[in-house]
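The values are calculated or read from the model by the stated rules, or taken from the named source; none is laboratory data. Since we're looking at a predicted model, the values are computed, not measured. Quick reminder, even Gly has a Cβ in these numbers, built from the backbone with ideal geometry, and neighbours come from all protein chains shown.
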Amino acid sequence: MSKILVLGGAGYIGSHTVYELLDEGFEVVVADNLETGHRQAVHPGAALCVGDIRDKAFLDGLFRRERVDAVIHFAAYSLVGESMADPLKYYANNVGGTQVLLSSMVANGVDKLVFSSTAAAYGEPKRIPIEEGDPAEPTNTYGATKLAVEQMFKWTALAHGLRYVALRYFNACGAHPSGHIGEDHSPETHLIPIVLQTANGTRPEIEIFGTDYPTKDGSCVRDYVHVCDLAQAHVKAVRYLFAGGENSVFNLGNGVGFTVREVIRAAEEVVGHKIPAVYAGRRRGDPAALVASGSRAKTVLGWEPHYESIHTILETAWRWHRARPNGFDEDR
Ligand code: UDP
């Protein structure tokens, strides 16, 4: 049985990937500093080691002790707004932390890595849908740090034989069908949780950031992809590296765009009542439209999203937010 180290496995996408890896028979070790992750999000079938990727001694000890076959790396700061206000915090953790990780992997002879990258690496796209070879010119620090990490992989591969896959996610959303895990950021900045927290009464209203974009109703267009589909893509990427696959970058999205207003309307249909919304100005760093071409992931990884309907995606998220209005803080 192969053993996988999941860095950031207590976070949103990481915790769902751990569930998927265990379902598929992998042995899993999670490392997380629990700064933004949740201990309760870690599946009891995985071992949890609390520590930070910027701590080389912690990583060296982990690699020596656990003898893992591959690493999936989610450990990063991920708030676009915060990344614009405090860029150096993002470079220190997302880029600096990954540099420490790569040094430790090289020193300990671990050569396979699947990385959590982002559609924010593209910035304002030149065309829709976006393909992997399109220009990558980030408009926010978060995207810039993820792109810098992808470039660090390229040079580390040349020098030390690193084997990697970078997965550029579009908008991750939804929750695990078991109801045990879901999205819980603090502060929450993402559209779907904020819409559903407005629906469950945790917030008074949702602000629509920008109504003057060149889109069909003036609000931003995004490609919403279910977190369990993303989790499956990571497992496929690990198998691809085990099978000798080449270093590569893949988009992960549904290939369909929805405006902010369309998401709110679909959420109203799912919850069965109106959700108060107000218009607000644009948010700094937001591109007008981001929609993936997912054809490379389909052809090369054999990945196919199962949650294609925005209503079904919202239903899984609503089950989580309705049951746990305070996220993981409530008793199980
Ligand atoms: N958005 C919004 N109101 C909010 C949060 C987000 O209008 O309270 C918009 C945001 O401007 C973007 C879309 O919803 O166009 C998705 O934002 P999110 O933060 O979920 O993901 P991002 O696209 O930044 O990764």
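What about S248, is it within 22 Å of the chain's Cα centre (by Cα), surrounded by fewer than 22 Cβ atoms within 10 Å (Cβ to Cβ), more than 10 Å from the ligand (Cβ to nearest atom) and farther than 24 Å from P135 by Cα?
no
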message: Quick check on A75: is it part of a loop (DSSP other than H, G, I, E, B), on the phi < 0 side of the Ramachandran plot and hydrophobic (A, V, I, L, M, F, W, C)?
response: yes
field: Scope the range 188-207; condition more than 22 Å from the chain's Cα centre (by Cα) and not in a helix (DSSP H, G or I); matching residues
entry: N200, G201, T202, R203, P204, E205, I206, E207
field: Pair list, Cβ < 7 Å and 6+ apart or interchain, from the range 174-192 residues that are over 27 Å from G285 (Cα atoms) to residues that are away from the ligand (no atom under 14 Å from the Cβ) and modelled with pLDDT under 95
entry: G179/A323
statement: All conditions in (1) among the small types (G, A, S); (2) in a loop (DSSP other than H, G, I, E, B); (3) under 19 Å from the mean Cα position of the chain (by Cα) are true of G25 except (3)
- prompt: When you go through (1) of a type in the set (S, T, N, Q); (2) away from the ligand (no atom under 16 Å from the Cβ); (3) under 19 Å from P129 (Cα atoms); (4) crowded, with 19+ Cβ neighbours inside 10 Å one by one for Q232, which number turns out not to apply?
  reply: (3)
field: Single residue of the range 194-207 satisfying the filter (within 20 Å of I313 (Cα to Cα) and within 12 Å of the ligand (Cβ to nearest atom)) that is surrounded by the most Cβ atoms within 10 Å (Cβ to Cβ)
entry: L196
field: Top-ranked residue of the range 267-307 - restricted to ones that are among the hydroxyl-bearing types (S, T, Y) and more than 28 Å from G210 (Cα to Cα), ranked as surrounded by the most Cβ atoms within 10 Å (Cβ to Cβ)
entry: S295
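Return yes or no: is Y213 farther than 22 Å from G14 by Cα and either within 10 Å of the ligand (Cβ to nearest atom) or aromatic (F, W, Y) (or both)?
yes
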- prompt: Can you find even one residue in the range 141-155 that is assigned to a loop (DSSP other than H, G, I, E, B) and within 13 Å of the ligand (Cβ to nearest atom)?
  reply: no
task: State whether one or more residues within the range 165-179 are of a type in the set (S, T, Y), under 12 Å from Y12 (Cβ atoms), within 18 Å of the chain's Cα centre (by Cα) and modelled with pLDDT of 95 or more.
output: yes
- request: State all residues of the range 156-173 that are touching a residue at least 12 places away in the same chain (Cβ under 8 Å) and either touching a Gly at 6+ places or on another chain (Cβ under 6 Å) or away from the ligand (no atom under 15 Å from the Cβ) (or both); if no residue qualifies, say none.
  value: T156, A157, H160, G161, L162, R163, Y164, V165, A166, F170
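Has the range 53-65 got at least one residue that is within 19 Å of I13 (Cβ to Cβ), in a loop (DSSP other than H, G, I, E, B) and either modelled with pLDDT of 95 or more or in contact with a strand residue (DSSP E or B) (Cβ under 7 Å, 6 or more places away or on another chain) (or both)?
From the range 53-65, those within 19 Å of I13 (Cβ to Cβ) are 53; that's our starting set.
Of the ones still in play, those that are also in a loop (DSSP other than H, G, I, E, B) are 53.
In the following step, the residues that additionally are either modelled with pLDDT of 95 or more or in contact with a strand residue (DSSP E or B) (Cβ under 7 Å, 6 or more places away or on another chain) (or both) were identified as 53.
Checked the range 53-65: at least one residue is within 19 Å of I13 (Cβ to Cβ), in a loop (DSSP other than H, G, I, E, B) and either modelled with pLDDT of 95 or more or in contact with a strand residue (DSSP E or B) (Cβ under 7 Å, 6 or more places away or on another chain) (or both).
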message: Here's a check for you: in the range 1-20, which residue that is among the β-branched types (V, I, T) and more than 19 Å from F170 (Cβ to Cβ) is surrounded by the fewest Cβ atoms within 10 Å (Cβ to Cβ)?
response: I4
message: So N171 ticks every box in (1) out of contact with any strand residue (DSSP E or B) (no Cβ under 6 Å at 6 or more places or on another chain); (2) closer than 20 Å to A267 by Cβ but one. Which box is left unticked?
response: (1)
message: Yes or no: the range 288-303 includes at least one residue that is touching a Ser or Thr at 6+ places or on another chain (Cβ under 8 Å), in a loop (DSSP other than H, G, I, E, B), on the phi < 0 side of the Ramachandran plot and within 12 Å of the ligand (Cβ to nearest atom).
response: yes
